Amino acid sequence: MLHLFALFLLAQFREKRAYAPIVKMFSAPGETPFDLAGDTATEGLSRIVASVYDGNPLPLHGLIESEEVNEYVRGAAMNAFLVLEHTGQMYRDEAVGYFRSLFHGKLQRQHSYAWDGLVCAVADLPAPELLEEVRQAYADNLVDPTVADLEGIEDDWGAQKPWRGSLLLGGAASTDPPAFGRQELIIISTRCPSALMIFDREGYSSNIEAT
């Protein structure tokens, strides 16, 4: 239990030297990440990693692309790119480009929860420019439709709804991109699962069931 407390302390203090060791810890094969961290291996991974991120995406790439890593950990790690992009630590084009590379060969084209996580992350970014890749993934039976519904994703993108906005701590809301460093909450409407991911500019978050 103390090691989990240490993980969240490192995240709170944004200790960048912890980034590579934390990614290595969750890259352990099989059930080891869950033995070490329980549900934090999926529910807290993206926010912890984003909080200690040192600017080098390669360790995170390695975790996601490795067939040895638990598929649920790989799927959850996709969300780190959402947090990095929404907190201004990564350009959107970089996140989209990496997701595109996963569709085009960096993920083995065999169903696993890593594919479900990829489609969910693409839907939640959102990245409608990857719609054809998403459709092909469904056509190739790489994605579980009970996890993410293609028609729902297409409807969401077609409606052109504001997927994210800044909810200022004073209560005012805006769909304008927030300036980095302002004290505010970022809201991401998530498709997988059906919830709202809310986190501040530091990367700490909570999930609220969507209605």
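Filter region 8-27 for residues that are under 21 Å from Glu67 (Cβ atoms) and without any contact (Cβ under 8 Å) to a residue 40 or more places away in the chain; which is surrounded by the fewest Cβ atoms within 10 Å (Cβ to Cβ)?
Going through the qualifying residues, I end up with Lys24.
Somewhere in region 84-99, is a residue closer than 21 Å to Leu125 by Cα, at pLDDT below 95, basic (Lys, Arg) and within 16 Å of the chain's Cα centre (by Cα)?
no
The values are calculated or read from the model by the stated rules, or taken from the named source; none is laboratory data. As the structure is a prediction and not an experimental result, all values here were calculated from the model. Glycine also receives a Cβ, built like all others from the backbone with ideal geometry; neighbour counts cover every protein chain displayed.
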